Every structure is written in C-alpha cells, then in structure tokens.
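We did not get these values from a lab; they are worked out from the coordinates using the rules stated. Source: prediction; values computed, not measured. Every residue, glycine among them, receives a Cβ derived from its backbone with ideal geometry; neighbour counts consider all protein chains shown.
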Amino acid sequence: MASKQRDISVSEFFAKNRHLLGFDNPSKALLTTIKEGVDNALDACEEAGIVPEVLVEIEQLEDTRFRVAIEDNGPGIVRGQVPKIFGRLLYGSKFHRLRQSRGQQGIGISAAGMYGLLTTGKPVRILTRTGKKKQAHRFELVIDTKKNEPKVRSDTTVDWKADHGTRVEIELEGAYRGGRHSVEAYVRQISLANPHATLRYRGPSAGRKANAEAGGDTPERELHVFERVTRELPAETTEIKPHPYGVELGVLMQMFRDTRARNVKTCLQGDFARVSSRVAGEICEGAGVAPTRRPSEITREEADKLHKKIQRTKLMNPPTDCIAPIGEDLLLRALKAEVEADFFATVTRRPAVYRGNPFLVEVGLAYGGAMTADDSISLYRYANRVPLQYQQGACAITRAVTQTDWKAYQLQHPRGALPVGPLLLLVHIASVWVPFTSESKEAIANYPEIIKEIRLGLQECGRQVATHVRKRRREADELKKRAYIEKYIPQVAIGLQEILGFDERERTKVVTRLSDVLERSRKM
Ligand SMILES: Nc1ncnc2c1ncn2[C@@H]1O[C@H](COP(=O)(O)OP(=O)(O)OP(=O)(O)O)[C@@H](O)[C@H]1O
Ligand SMILES: [Mg+2]
C-alpha cells in the first residue's frame, strides 16, 4: 500500500473530473470556454477603468473541432504573469480578496486551456499588450498536468493594432448548438446584465466547411453586435475584510498564523471588518484570552473560545458599498432594448448579509407583448453579472421563483413549478463571494438569507405586474361588454318600434341616441 501512495496535482484531479469545471459535454465545453474568456475580459476592463469592448469569435475547423478567440481592450497582462495565468490551475488575483468580480477561483481560463490541450493537443495562444509604448507579446503554451506547471512553447514580440488588450485563442473538441444554450443567446444575456459593455460575436457559418471543401470562397461570417446602452462603468467596488460572523474556526486559526499584527487585539481590529478597538478588547476579555498574546501562539482552545465569543458579540453588519448593482434604471433600459413586451418592472434590493458576506439581489420582469406567442416563462439567472446557463433546477434562484405565490399576482402557477405565461424573469445576485454549488459556477447554493431576499424582490415586481394584468383584464372585459351592447342596440330599437309603433325615422333616432350614450360612457 505505502508504495502506491502519491501526490495528486490539482490539474490531474480536474483533468479527470472535468465535469466539475463545466466541461462535461462538447457543446457545454464550447460555451464554458467562451464564458471563462469573457468573464476575465470584463473583469480586467472594469478593474482598469476601461469601457469594455469584447470580441468573441468561433471558427469551425472540423466537424467537432473549433477554435475560440476572446479579445478584449483591457489593460493587458505583463509578460511574466502570462504562463502562470494560462498554464496553472488555481492561480489568479481574485481568490484571496473579498471583492465583487466575475472570477473568484483562479481556475477558469487555465482549465479551458487544459481542456483544449487534452482534446486537441494544441497549445493556448495568447496575444497581449499592456500599453502604447510596450510591444505586444505572443505566447503559445501548454499546462503540464502532472506538475500543474506551464510549459512555454513560444514567446515572441509581434505587432498588434491594439494599444492595449488581450486575445486568447483555444482550440477544442466541441459542438455548436442553437437555441436556449447557444453562444449567441449567451452573449445576448451577457449584454443584458452589462449595459456598459459592447460585445461583438462572430459565430461559425453553417455552409463554411462544405464550401471550403468544395474549393469555393468561404462566406463572410456574420458579425452580431450588442451595443452598450451606457458608457458609464459600474461603480468601482472596494475590497473588504472578512466579517467576523462569517469566519469559521479553522479559518480564524489560519488568520492568526498569517497575520502581521503583533497581538490578538490588533489582529481582530485590523484584519476584520466592523471590529473596533473597544469591541476587540471585549472579545478578548469575554474569551479569557489576554489581548497582548501573540496571534501565532494562540492555541486551538483559545481560538475556539474567541470564535464562540465572536458569535455572541453584537457587531455591525459588514459595509455594503463594496457591491455594485446594475441599478433599476439601467436594468430597465437594457431589458427594453432586448425584449419586446407590454410591461416592465425592475427592483434593486438593499444589500443584505449571508455568512458574513454582503450580497444584493436585483430582479427584472418583462410581461406580454411579443412574448405572448410562446407563452412560456424565461428565467435568466445571473451572479455578479454573469449569466448562469446550467443546473437551473439546483439553483437558489429557481427555488425562490418556485416558492413565490404567482397566483396572487394574477399569473398561472402550477404547484411546485415555475409560473406560466408570457413572462421573462431576470434575477441577479451580486456579492463579494458568490456561494456556488460547485467549481463550475453554475448554480447558487440555498442560503435562507439569499432565498428570502430574492423572494422579496420577486414580490415587489409581482405586485407591479399584477396591477398591470388587472388593468388589462378590466379593459378587455369592458371592450367585450361594449361589443355586446353595440350588437343589441338595433334589436332594442326594433323592439321599441313594434311596441310603441315608431316609424323608420324614430327607430333610427333611437339607434343613434343609444350609440351616443355608449360612446360617451367610454370617454368617462
Ligand atoms: N483578459 C485578461 N486580462 C487581464 N488579466 C487577466 C485576463 N484573463 C485573466 N487575467 C488574470 O488571470 C487571473 C486568472 O484567471 P482565471 O480565469 O484562471 O481565474 P479567475 O478569473 O481569478 O477566477 P475564476 O476561476 O473564478 O475564473 C485572473 O485573476 C486575472 O488576474
Ligand atoms: Mg476567470
């Protein structure tokens, strides 16, 4: 046994368990690759204060082989960082901070590159430039899965038209699908939640391969442009320190080991949010730990006491200005630009807290209009402005929508299912740390605090749509009644003619008078 024990590198683990990262079938792999690239592109632009322009290109090379390119106008990547970013799993700038961004794990793009390598043997190609005065670099690199280390195949300087930005190209085994899970639908959903970004998308053209084989010209592939509706970037978010309520014992112990603070009291005060000097003193005293103790010498028992005391201490909620919502107005504008409907409502809730992490819920609703034709609900789920495409059934958002009583809002709602009707629901959760159910970041975990906030947002929109539906119904009822009365006015006149012996002229007069009365009642 002993001789068979050995280390497993993260990349070996995820190569075997690629489904955990969203690479479980060819069409999903294609979409996940694009998602990872676009997430990073938008994050990089926003962090650098650049209004994002992102280009997504898919080229079909063979039946099941594609080349995907994602290009941004972001800050670029310094040369020394490129190999690790793209050739090493669990390497990134976002994991160790509490700040709202699309990426958080440091796996995304290197996993996509690894999947490409495993399925096609081709390296990832990166073109990046950090400024006008700098040269652009072109890299070709692969991940050494055994060691979880990058291997650079080539590294050259090249000319590039862009002043700054990054272009990533990955070749992979994939499948191109239309419909709800298509790349185009995905890009459209990104643009809804990112009204400040312009996205361009060029998909593979259907006739292209056959045409090329026949020796013909390849047709120009169509470019879809999703224009931004504002040039204003989302409010810059700040990094926050962990809130003591959300810190588990093990993490607390690790923080004591890692801290630069000289004693426990200053550690509590400096490394956590919402702990003043007075409160830090109170915690130490309550736990029976001397405030002057060196954090690195705190024993497990002491840490346990401190942890317990923290839970019993009244603390202010974490600061919430670290979250940048889309906002009710922009969400409304984006919805109106994208969907044809009779009625729209949007709600941005105030920030709340789960496990010590601030989060915020936004809900958008569109009803009726062109959607009436297919009469089935669309539920768009988002986390930190990223559309979630899979695992709908496992997501807290779905649960909250199902649990809401839509009948009270004049909509059809089969028990235990989504409501039915010409309805589009959009739910966005923004947080410094989104609790996903797995590494592939497809569904949000069922925290009661989160479900509650989503339901409150849905209810607010529900009440607005109910008012609209009722008004519409009243209008329709009235129209029906009028049509009915209109139809019978001539009959009434004929009746009167027979009973009272009116002549033709008097009968016509009755019809005109009654029609007049009906007409006037409409104006009231
Ligand atoms: N287009 C880009 N421009 C600038 N920096 C980038 C770009 N793409 C990636 N990076 C940097 O590379 C790091 C690693 O990216 P990667 O997608 O692997 O992880 P992540 O975005 O941090 O987290 P996640 O796994 O949740 O996506 C990022 O944290 C970011 O600092
Ligand atoms: Mg990423």
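Starting from 0.36 nm per residue, how many nanometres of slack lie between Glu498 and Ser9 once their C-alpha separation is accounted for? Don't jump to the answer; show the numbers that get you there.
Details: separation 489, 0.36 × 489 = 176.04 nm, distance 9.88 nm.
Answer, rounded to one decimal: 166.2 nm.
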Hull surface divided by four, with the convex hull built on the Cα atoms of the chain: how many nm²?
38.7
Given the options Gln464, Thr402, Leu425, identify the residue whose Cα lies farthest towards the positive end of the charge dipole of segment 401-524 (+1 on Cβ of Lys, Arg; -1 on Cβ of Asp, Glu).
Gln464
Along segment 303-317, what does the Karplus equation 6.51 cos²θ - 1.76 cosθ + 1.60 (θ = phi - 60°) give for ³J(HN,Hα), rounded to whole Hz, x for Gly and Pro?
4, 4, 5, 4, 4, 5, 5, 4, 5, 8, 8, 7, 10, 5, 4
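Just from its helices, what would the mean residue ellipticity at 222 nm be for the chain, if runs of 4 or more DSSP H residues each count -39500 (n - 2.57) and the sum is divided by every residue, rounded to the nearest 500 deg cm²/dmol?
-12500 deg cm²/dmol
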Which parts of segment 172-200 would a label at Val158 reach, counting a residue when its backbone N lies under 19 Å from a point 7 Å out along Cα-to-Cβ?
172
Residue exposure sequence - Tyr115, Tyr91 - by fewest surrounding Cβ within 10 Å:
Tyr91, Tyr115
Cα→Cβ-extended label distance, 7 Å offset, between Gln403 and Thr372, nm
3.4
I need two numbers for segment 1-132: Rg to one decimal and Dmax as a whole number, Cα atoms only, in Å.
15.9, 58
Can you tell me the FRET efficiency between Glu227 and Arg350 if r is taken as the Cβ-Cβ distance and R0 is 35 Å, rounded to the nearest 0.05?
0.70
To the nearest 10 degrees, how steep is helix 108-120 against the longest Cα principal axis of the chain, on a 0 to 90 scale?
90
Relative contact order of segment 391-524: what whole-number percent is it, with Cα pairs under 8 angstrom and at least 6 residues apart?
23
Simple label model, 7 Å out from Cα along Cβ direction - Glu506 to Arg474, nm:
4.0
How do Val353, Val183, Val361 rank when sorted from fewest to most other Cβ atoms within 10 Å of their own Cβ?
Val353, Val183, Val361
If each residue of separation counts as 0.36 nm, what is the full-extension length gain between Ser296 and Glu239 once their alpha-carbon separation is subtracted?
18.0 nm
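For Cα pairs less than 8 Å apart in space and 6+ apart in sequence, what is the mean separation divided by the residue count of the chain, i.e. the relative contact order in percent?
12
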For Glu47 and Gln410, what does the FRET efficiency come to when R0 = 45 Å and r is the distance between their Cβ atoms, rounded to the nearest 0.05?
0.55
Percentage of Cα-Cα pair distances in segment 219-335 greater than 19 Å, rounded to whole percent?
55
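What does the convex hull of the Cα atoms come to per residue for segment 327-470, in Å³? Don't jump to the answer; show the numbers that get you there.
Values: hull volume 14.5 nm³, N = 144.
Cα convex hull per residue, to the nearest whole number: 101 Å³.
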How far is helix 277-287 tilted, in degrees, relative to the longest principal axis of the Cα atoms in the chain, given as a value from 0 to 90 rounded to the nearest 10?
70
Could you tell me which of rounded, prolate or oblate describes segment 70-178, using a ≥ b ≥ c as the square roots of the eigenvalues of the alpha-carbon gyration tensor, with rounded for a/c under 1.5 and, failing that, prolate when a/b is larger than b/c and oblate otherwise?
rounded
